[in-house]
1. For D55, only one of the following conditions fails: (1) under 42 Å from the mean Cα position of the chain (by Cα); (2) of a type outside the set (S, T, Y); (3) more than 30 Å from S159 (Cα to Cα). What is its number?
2. Would you confirm, using the coordinates I've provided, whether R325 is more than 30 Å from K172 (Cβ to Cβ) and either touching an Asp or Glu at 6+ places or on another chain (Cβ under 9 Å) or not assigned by TED's automatic domain parsing to the domain that holds S198 (or both)?
3. Take the residues in segment 391-409 that are within 32 Å of the chain's Cα centre (by Cα) and in a loop (DSSP other than H, G, I, E, B); name whichever of them is modelled with the highest pLDDT.
4. Only residues that are farther than 15 Å from T79 by Cβ and assigned to a strand (DSSP E or B): list them for segment 105-142, please.
5. Would you tally the residues in segment 178-210 being part of a helix (DSSP H, G or I) and open to solvent by less than 100 Å² (accessible area, probe 1.4 Å)?
6. Assess whether E104 counts as being surrounded by 17 or more Cβ atoms within 10 Å (Cβ to Cβ) and in the same structural domain as E40 (by TED's automatic domain parsing).
7. If V66 meets every condition in (1) modelled with pLDDT under 95; (2) open to solvent by less than 50 Å² (accessible area, probe 1.4 Å) apart from one, which number is that one?
Amino acid sequence: MSDALKDKRASNIDVAGEAIVITHDDSRLLKRDLIERVKELNCLYSISRLMENHDYTLYQILARVVDLIPPAWQYPEVTAARIIINKRRFQTNNFRETLWEQKEAIVVNGKEVGSLEVCYLRKKPPAYEGSFLKEERTLIHVLAERLGSIIEHKNAESSLQSLYRREKKLRKKLQKEMQSRVDFSRKLIHELKTPLTSLMATSQYLSLLEQIQGSELAKAACLVWEGANRLSSRIEELHDVVKGEVGTLKLNLKPTDIVQLLSSMMDETRALAQDHGISISLEVDQSLPAVTADPERLSQVLLNLINNACKYAPEGKRVIIKATRESASTVKIEVRDHGPGIAKDRQRLLFKPGYQVSHGGESPSGLGIGLTLCKMLVNLQGGKIWAESKLGHGSSFFLTLTVASEGKK
Ligand code: ADP
């Protein structure tokens, strides 16, 4: 409301502060006041609409904003505006510097980055600030603030966009590198496996030859077959780890009878345990429900854990395999040994590729990928795997699996 109207209103309030008599002059002032406020609102509203268009750059927005300013002033026909941001100028076509000017700093993140100027091109009757109204000082202040926050917003938007573009470029590069790594491993595995396959077939054929049965030659052929077979499994493991790392390792999940799987594992591992002079015992709750698993891959995980347990447990000791219901939705399997144990600070590293622990000063054999693959396979079956161990007191490797459907095997 203009000062003139406020004064008029004040003088028309009676002692009780109630009666206001609006004269014809008052209503004219009120109308003019309203028109001015509508012009201001229009200006602010149009700026907000501009901001909704995310395709505009900051400079495109500023070039449009400057034209929205003069219509909000009292004498639009003689009003010109200019925005200066970081030495770049955006101005109305009629802009020139005059004596009748209002100016406000534009501040971004606490730092002055430019200014907003509004000029009258001709002298106008005096008002609150030169020829400008008090409301026009407030408006230029609000507009400068709005411009500051538009610049802040656009700066943040553009740094977010450049971060996104950088991330996209890096992701593409990574995908390309991953793909070339997969291609290389595939080629490498093919190159290694082709001669191995014929080596395995030939050594097996030789070991079964009637003419050399029971001879040293047959034993040697057997050893060649065993070695080639081990090598072949390690190559397969390496291939699986590479596929697991790039997310192309696929499993065949189905409801699996865990009790049956564990008992057939016992038959498979008996010979292995005997070789190490170890006895394996199975403690399993016969009423365990079926779990969601890939039976072949789950057997591979358990075989790996049992193999490690037999490898590190001192001769004559027992390896215990235990399966229990952990919760309504999970079954827990434990492979416990009485081996050397693993220090606490090393336990969390066990599942990292290539990590090996030496026991008794001996340099560890293998590649340190067995447990990495176990973790990948268990995770792909929706479970978790971890180790608990105390140096000198043996280790327990635990894994959990999800119950497939209540009570069904
Ligand atoms: P690799 O693929 O070489 O057989 P793993 O990934 O299976 O290796 O195991 C990683 C390391 O963890 C090994 O170097 C071994 O020393 C240690 N480890 C695994 N299982 C046991 C265990 N049951 N007791 C003690 N150490 C173990």
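The values are calculated or read from the model by the stated rules, or taken from the named source; none is laboratory data. As the structure is a prediction and not an experimental result, all values here were calculated from the model. No Cβ is skipped: glycine too gets one built from the backbone with ideal geometry, and neighbour counts run over all protein chains shown. Areas reflect the complete protein model, heavy atoms only, side chains present, ligands, DNA and RNA absent. Shrake-Rupley method; radii C 1.70, N 1.55, O 1.52, S 1.80 Å.
1. Answer for D55: the failing condition is (3).
2. yes
3. Here the answer is A404.
4. At the first step, the residues of segment 105-142 found to be farther than 15 Å from T79 by Cβ are 105-115, 126, 128, 134, 138, 141-142.
Scanning segment 105-142 gives A105, I106, V107, V108, K111, E112, V113, G114, S115.
5. Within segment 178-210, residues that are part of a helix (DSSP H, G or I) and open to solvent by less than 100 Å² (accessible area, probe 1.4 Å) number 23.
6. The answer is yes for E104.
7. The failed condition is (1).
For (1) crowded, with 19+ Cβ neighbours inside 10 Å; (2) in a helix (DSSP H, G or I), each residue gets a yes or a no:
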residue	(1), (2)
T248	no, no
L251	no, no
Q260	no, yes
M265	no, yes
T269	yes, yes
L272	no, yes
L282	no, no
